[in-house]
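Asks: Just passing along the structure, written as structure tokens.
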Amino acid sequence: MVCSHHHLYSALARGMPPPPKTPGSFQEILEQIWWRLDASLDAEMIRWSAMLGALEALESGTTGIVDHHESPNAIEGSLSVIEEACREVGVRVLACYGVTDRHGADGARRGLEENRRFISEGGNGLVGIHAAFTCNPETLEAAAGLAGELGVGAHIHVAEGPADRDSARHLKGLTDERWLLAHCVQLADDHGLAGTILHQPRSNLNNSVGYANPVRFANPVALGTDGIGANMIEAFRLAYVMQRSVDVTATPETAWGWLENGWNLIPECRNDRVTWSYDPMDPWHLAFTPGVRPLRIEVDGEVIFENGSPTRVDATEVRAKAREQAARLHARL
Ligand SMILES: [Zn+2]
């Protein structure tokens, strides 16, 4: 399984102190929760949130993570910290740093440089962009230009909520088929953007932004979690039933196809072997079968998960360290 849109940095958010005021919109959720949280991250927190996120991915049978990272006060080197944590657990990652003008032109420049550094040093990455509505046109052009120069795509949030409804206009002429467009809830059917659309039904429900209904797009669609774990069987089951809620003729094969499109983003995952607790692993069975879990996982021929545990790291220790870092993070909030 591949999680096509993750935020490993959000693994420590669970149980965080409530924001000063209850957010009343998606914009306020960003301002009062995620933009306070990402600004509080340091390298040690990034490391243990990635370790926990990678561990939880493995425990769900997911061996590939397409991550979208932001830590405005710990930018330099952050993508390598994430890559190393994933490697330690044994999970593959396609990383990026989400460039934004939320922290001024210097913040945007440092974000671009982190993408450039990581990819040009051989890291498996894309150029990250937070979203069109938090970037000025020059930054969007610079990010698209850097992606072209490095021969990779960009990974960006698109029209996730009302504040970003105009993103197609801002991104016009910049995208190509290597781009990853996350959410697209508010995007018009004939948006004219190229790339794979990343669908995160649980996150969209949680943010009260609506249903993206991705069958309406001509683009390929892949499934992600937006940081709420990396259990892709669960994401598939929810994606199916959400589609069914607006179309009684929908079948689980469509959502299963979205899951399989993840392999196009991290093709090496086709070399991985997961033995599951259920047989057959068929969309019509899985849509109605709870609790399916991996028994054994091989990545590139190495067993990295067996008998309910990872083989390379101690799951109890990872959770204990993550809890320590979560306490530090929550104290800052
Ligand atoms: Zn996201």
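Bear in mind that the values in this text are calculations on the coordinates, not laboratory data. Here the structure is a predicted model, which is why all the values come from computation and not from measurement. Cβ: placed from backbone, ideal geometry, glycine included. Neighbour counts: every protein chain shown.
Asks: Ordered by residue, what ³J(HN,Hα) values in Hz, to whole numbers, does segment 16-26 give under the Karplus form 6.51 cos²θ - 1.76 cosθ + 1.60, where θ = phi - 60° and Gly and Pro are x?
Replies: 5, x, x, x, x, 9, 5, x, x, 7, 4
Asks: If segment 164-309 were replaced by its equivalent ellipsoid, with semi-axes equal to the square roots of 5 times the Cα gyration tensor eigenvalues, what would those be, largest first, whole Å?
Replies: They are 29, 19, 13 Å, listed from largest to smallest.
Asks: Calculate for the chain the 222 nm mean residue ellipticity that helices alone would give, adding -39,500 (n - 2.57) per DSSP H run of length 4 or more and normalising by residue count, nearest 500 deg cm²/dmol.
Replies: Using -39500 (n - 2.57) per qualifying helix, the result is -12000 deg cm²/dmol.
Asks: With 10 angstrom as the radius, rank ASP226, ASP67, ASP176 by how many other C-beta atoms surround their C-beta, starting from the fewest.
Replies: So the residues, fewest neighbours to most, are ASP176, ASP226, ASP67.
Asks: Separation between the GLU121 and TRP34 pseudo-spin-labels, each 7 Å from Cα along Cα→Cβ, expressed in nm?
Replies: About 2.6 nm, to one decimal.
Asks: What is the distance, in nm, between label points placed 7 Å from the Cα along the Cα-to-Cβ direction at GLU177 and at THR22?
Replies: Between GLU177 and THR22, the label points sit 4.8 nm apart.
Asks: Pull up all non-local amide H partners of ARG92: gap of 5 or more, or a different chain, and H-to-H distance under 5 Å with H placed in the peptide plane.
Replies: Answer set, sorted by chain and number: GLY64, ILE65.
Asks: Based on alpha-carbon centroids, what's the gap between segment 1-70 and segment 103-175 in Å, whole number please?
Replies: First find each Cα centre; the distance between them is then 19 Å.
Asks: Please state the shape class of segment 12-159: rounded when a/c is under 1.5, otherwise prolate if a/b exceeds b/c and oblate if not, all from the C-alpha gyration tensor.
Replies: Here segment 12-159 falls in the oblate category.
Asks: Once you charge only the Cβ atoms, +1 for Lys and Arg and -1 for Asp and Glu, what is the size of the charge dipole of the chain about its Cα centre, to the nearest 20 debye?
Replies: The calculated dipole for the chain is roughly 680 debye.
Asks: At a 10 Å Cβ-Cβ cut-off, how would you order SER71, SER277, fewest neighbours first?
Replies: SER277, SER71
Asks: Pulled fully out, how much extra length does the chain show between ASP106 and ARG270, if you take 0.36 nm times their separation in residues and subtract their Cα-Cα distance?
Replies: 55.1 nm
Asks: What residue among GLN200, GLN243, GLN27 shows peak mean-square fluctuation when the chain is described by a Gaussian network model with Cα springs under 10 Å?
Replies: Its mean-square fluctuation being the largest, the pick is GLN27.
Asks: Separate question: Report the extension gain between SER208 and GLU138 in nm, rounded to one decimal, defined as 0.36 nm multiplied by the number of residues separating them, less their alpha carbon distance.
Replies: Computed gain between SER208 and GLU138 is 22.1 nm.
Asks: May I pose another question? Only residues of segment 263-289 count here: report those whose backbone N is under 20 Å from the spot 7 Å along Cα→Cβ of VAL248, or say none.
Replies: 288
Asks: Also, quick follow-up: Rounded if a/c is under 1.5, else prolate if a/b beats b/c, else oblate: with a ≥ b ≥ c from the C-alpha gyration tensor eigenvalues square-rooted, which is the chain?
Replies: The shape class here is rounded.
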